[in-house]
Amino acid sequence: MAGNGVASIGECMLELSGQTGPNWRMGFAGDTFNTLWALHALSTGRPATYVSAFGDDPFSQGQIGFFAENGIGIGSSPIIAGARPGLYAITLTGAERSFTYWRSDAAARQLASDPAALSKNLENQALVYFSGITLAILSEAARTTLLAAVAKARAAGSIVAFDPNYRPRLWRNREEAQAAIAEALVVTDIALPTFPDEQMLFGDKTPRATAERLGQLVGEVVVKNGEAPALIAQGETLCEVPAIHVADPVDTTGAGDSFNGGYLAARLAGHEALEAARRAHRVAAAVVQVRGALAPFETLRNAFEG
């Protein structure tokens, strides 16, 4: 029987974001953590767990402390002696961002190193969330371990949500990514793809093509497409939900991740898919008006409530 909590699986990195002049600000972010941040902010009363692996260095300790300060635990996630977090830097051109990564030996790559701990972290969760990046940082054997744990949680009653979030540089080739993502979709209840990613990976011509392809495996699909409408597919029903135009965005980092968090929070609260997408668009629009991937909780809540 699923419980009340929410769990997100993946890699949270050190984030360096540019400030005025030569100075940089350090924070913590990563696609699945960004989603959990918004989901936690918008799901008051639900325990939140970030499922990963961590080092024993000062940066990892600071990361875990930051989570705890904001009401997010790490459950039974392993602490790996001698390991450390990955790092990325955001470079902005206007509001559009590019990323430079240092992550090849990050502790999070060992998040499935203890299968029993991984399964324990997913017990009694109302929702389990992960992404294509979660898959990409793992070995093939570790992916198998992860998907088995997710399938076990789903069988016990958890809703499973998945964002394919294709990042070519993390995969050896397209075929490996296609196969791993297809396996993940088999254990998924809600898919949250982004159309340009799906077009790049699978050659989809339109968002409708993406929705119809994923809809063969997943009962609920929400295709994000930047400032274009999101497309929701539930069975044979397809509906568009217009996005919100922000005239002068500050930083688009984390917009799609926050959309996911807003959508999932709304669905867990009992809202229908169309209303959930409307709320998610408002959350994403608020996030692009702040620097970095993590908007203040109050900003997210105000946007969610409209």
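Overview of values
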read-out	value
Enumeration of residues in region 239-258 that are touching a residue at least 40 places away in the same chain (Cβ under 8 Å) and either on the phi > 0 side of the Ramachandran plot or assigned to a helix (DSSP H, G or I) (or both)	GLY254, GLY256, ASP257, SER258
Leading residue by the ranking (surrounded by the most Cβ atoms within 10 Å (Cβ to Cβ)) among those in region 94-107 that are assigned to a strand (DSSP E or B) and of a type in the set (Ser, Thr, Tyr)	TYR101
One residue from ALA53, ALA81, ALA68, ALA41 being farther than 23 Å from GLY256 by Cα, of a type in the set (A, V, I, L, M) and open to solvent by less than 10 Å² (accessible area, probe 1.4 Å)	ALA53
Residue list for region 159-188, restricted to those being of a type in the set (Gly, Ala, Ser) and under 23 Å from ALA255 (Cβ atoms)	ALA161, ALA177, ALA184
Every residue from region 288-306 that is open to solvent by 30 Å² or more (accessible area, probe 1.4 Å) and assigned to a helix (DSSP H, G or I)	PHE297, GLU298, THR299, ARG301, ASN302, GLU305
All positions within region 245-290 that are of a type in the set (Asp, Glu), at pLDDT below 95 and closer than 18 Å to PHE28 by Cα	ASP251
Residue in region 89-141 that is nearest to ILE79 (Cα to Cα), counting only those that are in contact with a strand residue (DSSP E or B) (Cβ under 6 Å, 6 or more places away or on another chain) and among the hydroxyl-bearing types (Ser, Thr, Tyr)	THR134
Single condition PRO196 does not satisfy, out of (1) at pLDDT below 95; (2) open to solvent by 40 Å² or more (accessible area, probe 1.4 Å); (3) not small (Gly, Ala, Ser)	(1)
So GLY21, is it at negative phi, surrounded by fewer than 20 Cβ atoms within 10 Å (Cβ to Cβ), of a type in the set (Gly, Ala, Ser) and modelled with pLDDT under 95	no
Among (1) aliphatic (A, V, I, L, M); (2) under 16 Å from the mean Cα position of the chain (by Cα); (3) within 18 Å of GLY256 (Cβ to Cβ), the one test that ALA48 misses	(3)
Sole exception among (1) in a strand (DSSP E or B); (2) out of contact with any Leu (no Cβ under 9 Å at 6 or more places or on another chain) for VAL222, by number	(2)
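Let's see how each residue does on (1) within 28 Å of ALA179 (Cβ to Cβ); (2) assigned to a strand (DSSP E or B); (3) small (Gly, Ala, Ser):
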| residue | (1), (2), (3) |
| --- | --- |
| GLN61 | no, no, no |
| ALA68 | no, no, yes |
| SER77 | yes, no, yes |
| TYR88 | yes, yes, no |
| LEU92 | no, yes, no |
| ARG109 | yes, no, no |
| ALA126 | no, yes, yes |
| LEU135 | yes, no, no |
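The values are calculated or read from the model by the stated rules, or taken from the named source; none is laboratory data. Since we're looking at a predicted model, the values are computed, not measured. Cβ coordinates were reconstructed from backbone atoms using ideal geometry, including for glycine residues, and neighbour counts include every protein chain displayed. Quick note on the areas: whole protein, heavy atoms, side chains included, nothing else; ligands and nucleic acids left out. Shrake-Rupley method; radii C 1.70, N 1.55, O 1.52, S 1.80 Å.
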